[in-house]
Structures are given as C-alpha cells and as structure tokens.
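Engineer: Handing you this structure, nothing more for now.
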Amino acid sequence: VAKKAHTYKSVTTKATLTKNGKVENKCSVCGNVKSTTTVYYPKTIKLSATSYVYNGKKKTPSVTVKDSKGKALKKDTDYTVTYSSGRKSIGKYTVTVKFKGNYGGTEKLTFTIVPAIAAGLKGTTVSDSSVKLTWKVVYITV
C-alpha cells in the first residue's frame, strides 16, 4: 500500500455568543490535527451611549466588541452593524450586531432618545402658600 502525504486543511468551528470556537489544521487523509487556535467568544458588546437627549439630529452610537480575553474585534471583518431607521425622534431604537467570519450569532442592543428637559432654573420665589419656579423653556419638535 502506497503512503499518502498529509493534506492539511483549515477546519473552523465558529465561536458563539457564549462559547469559544477553534480553527484546526487537520489532515483530510488521516485526521491528524497539526495545530489548533482558539477563537474566543465575543464577551463584551457595548454601545458608545444608551441614552441621548432629543435635539432633532440622527443618533448613531458606535459599537465596541471585545472577546473573552479583552481583545477588540474588528467591525466589517468579525461583525457588521445595522441601525433601525429614523433615530431622530423621541423613542427606543435597535442596533443589530451580526457576527461573521470565525464568529456566529446576532446580538440586539437598544438605545433611547429622551425629551429635552428644562435647561436650568432661572429663579425661585417662595411665599407662605406657594413656590414659584422659572426656567428657560426648551421647545421640542416631534
């Protein structure tokens, strides 16, 4: 019987949102594993801000993803980000992080746009039966 040479191929088991994956260099002839590299799961997925004050402008928080060892993953290489439409008015919005390459899974994060509040008290007047507060008015267009 003639000996066959090893033919190594890269076999990837994707990391999920809760479990590490791996990349193995494995011989397709005999199954011998030449090397294994761990793909650490994405542990921290954060938005740059989860709450904004309404100002009429579109909000697009940035996304930061780090694996379980603290290494930053690369946008458009390891994951993609999509934002819900609008993102100008008061309300709740969704950011979807979809993993790709050596990673699998999808994570949905949310942020809110809240109404602007009074910009600060201008003055107070206290009498025996009442308190009068005056402040700068902030107009909201929805």
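The values are calculated or read from the model by the stated rules, or taken from the named source; none is laboratory data. Bear in mind that the values here come from a model prediction, so they are computed numbers and not experimental data. Cβ: placed from backbone, ideal geometry, glycine included. Neighbour counts: every protein chain shown. Only protein heavy atoms, including side chains, enter the accessible area calculation; ligands, DNA and RNA are left aside. Shrake-Rupley method; radii C 1.70, N 1.55, O 1.52, S 1.80 Å.
Engineer: Give me the distance in nm between label points sitting 7 Å out from Cα along the Cα-to-Cβ direction at residue 71 and residue 125, one decimal.
Structural biologist: 6.7
Engineer: Which of the following values of Rg and Dmax of the Cα atoms in Å was calculated from the structure shown: (1) 26.3, 107; (2) 14.8, 43; (3) 15.4, 45?
Structural biologist: Identified label for the calculated read-out: (1).
Engineer: Can you give the FRET efficiency to the nearest 0.05 for residue 8 and residue 96, using r as the Cβ-Cβ distance and R₀ = 30 Å?
Structural biologist: Details: r = 36 Å, r/R0 = 1.21.
The formula returns an efficiency of 0.25 here.
Engineer: From the cross-link list 34/98; 71/98; 43/108; 71/92, which pairs have alpha carbons spaced over 25 Å apart? Show your work: numbers first, answer last.
Structural biologist: Working: 34/98 31 Å; 71/98 18 Å; 43/108 14 Å; 71/92 30 Å.
Those over the limit are 34/98; 71/92.
Engineer: Moving on. Over region 43-136, give the accessible area per residue in Å² for a 1.4 Å probe, as an integer.
Structural biologist: On the way: 6160 Å² over 94 residues.
Heavy-atom accessible area per residue stands at 66 Å².
Engineer: Starting from the amide H of residue 116, placed 1.01 Å from N in the peptide plane, find each other amide H under 5 Å away whose residue is 5 or more places distant or on another chain.
Structural biologist: Residues meeting the criterion, in which the H sits 1.01 Å from N, are 54.
Engineer: Also, I was wondering about something else. Once phi is turned into θ = phi - 60°, what whole-Hz ³J(HN,Hα) does the Karplus curve with 6.51, -1.76 and 1.60 give for every residue of region 63-68, x standing for Gly and Pro?
Structural biologist: Ordered by residue, 3J(HN,Hα) equals 10, 10, 10, 10, 7, 5 Hz.
Engineer: Tell me, what HN-Hα J-couplings in whole Hz come from the Karplus equation 6.51 cos²θ - 1.76 cosθ + 1.60 at θ = phi - 60° for each residue of region 99-112, using x for Gly and Pro?
Structural biologist: 7, 8, x, 7, 10, x, x, 9, 10, 10, 10, 10, 9, 10
Engineer: For a quick check: with amide H placed at 1.01 Å from N, whose amide H comes under 5 Å from residue 43's, ignoring anything fewer than 5 positions away on the same chain?
Structural biologist: It is 66, 67, 68, by chain and number.
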